[in-house]
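Reviewing the structure listed below.
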Amino acid sequence: MNQNIQQRLLQLLSSDMETVNGTEFEYLCAEVFNLVVGKDIIHKGHNCFMKPVRSSVDMRIEDCTKVVGQAGTDVDYFDKLEKPLNDIKSTIKNCPNCEKLFLFSNRRSNDRQSKALTDIISEKYPHLTVEVYDSERIGNCIIKHIDNIQSISKVLDYLPQSKYFYDMLPKKNTIPAFSGHYFERKDEKEIIKRLESDDCILLYGFSGIGKTELAKCMAHKLSSHF
C-alpha cells in the first residue's frame, strides 16, 4: 500500500475509533484480538440490556484463559490510568492463571503516557505480560491484515469513514471474477482496437447475452495498461 494512502487510512481509523461507543468498540476489538492472536476467541458480549456481563473478562482465547483481552473507551484512559489498571485487577481476579493481557483503547497515547503505564505495570505486575493497543496501534494492526477481507470488513462495519476510504483502495476495488466459465467472443479484438482511440465504449443488448462477462474479460485483459 502506498505510504500516503496508508497514513491517511491510519488517521481515519484513529479518528473513527474515538466516536465508537463502548459496546461497539468491544465487538470491534474482538475481531482485532482474533487477528492478533491468530486463534478462535470467546467474546462474552452483553446481556439483553446491552450491559457488560460482570465477573468476566471481555474476551479470551477459546480453549484457555491464559490469553485475555480487555477493551476501554474512557476519554482519560491514558491520562488517569484508572481504567487500564482496573482492567488488570479484574483480569487477575477473574482469570488468575492469565499470562498475557491485551488492553485495547479507542484513544491515542503519546510516549509519556505509554511509558507511565508501562512502568506501573512492570512494577506492580511483573508476572503478567501486558500488550497495550491504543487507537494507532489498532489501526496499524488493521492495515497489516488489510488483505484479510472477511475480518477487516467486520471491523470496518463500526468505522464508517474508514470503510468508505477502504472501499476505494485498489486491493479492495478489484475486477470481479467471472460468474462461470467464460467463452471468448469474436468481438473482443474489435473492442480492444477501439479502446486504443476511444476512452469509453458502451456495451448494449438484451439481458443475459453476456455483456457483463464481456466487460469483465476486457478489464482483465487490459488491466496491465492501467
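The values are calculated or read from the model by the stated rules, or taken from the named source; none is laboratory data. Values in this document were obtained by computation on a predicted structure and should not be read as measured data. Cβ: placed from backbone, ideal geometry, glycine included. Neighbour counts: every protein chain shown. Note: areas computed on protein heavy atoms with side chains; ligands, DNA, RNA excluded. Shrake-Rupley method; radii C 1.70, N 1.55, O 1.52, S 1.80 Å.
Taking the range 110-167 as the region of interest, how many residues are acidic (D, E) and more than 21 Å from N86 (Cβ to Cβ)?
5
In the range 151-182, what residues are open to solvent by 80 Å² or more (accessible area, probe 1.4 Å) and at pLDDT 80 or above?
Selection gives K154, D157, P160, Q161, Y164.
Answer yes or no as to whether D119 is open to solvent by less than 60 Å² (accessible area, probe 1.4 Å), without any contact (Cβ under 8 Å) to a residue 12 or more places away in the chain and not basic (K, R).
Criteria not met by D119.
Looking at the range 188-218 only, could you name the residues that are outside any helix (DSSP H, G or I), on the phi < 0 side of the Ramachandran plot and surrounded by fewer than 13 Cβ atoms within 10 Å (Cβ to Cβ)?
E196, S197, D198, D199, C200, I201, L202, Y204, F206, S207, I209, listed by residue number.
Please specify each residue of the range 49-73 satisfying the condition of being at pLDDT 80 or above and either hydrophobic (A, V, I, L, M, F, W, C) or open to solvent by less than 60 Å² (accessible area, probe 1.4 Å) (or both).
Those that are at pLDDT 80 or above and either hydrophobic (A, V, I, L, M, F, W, C) or open to solvent by less than 60 Å² (accessible area, probe 1.4 Å) (or both): V57, D58, M59, I61, T65, V67, V68, G69, Q70, A71, G72, T73.
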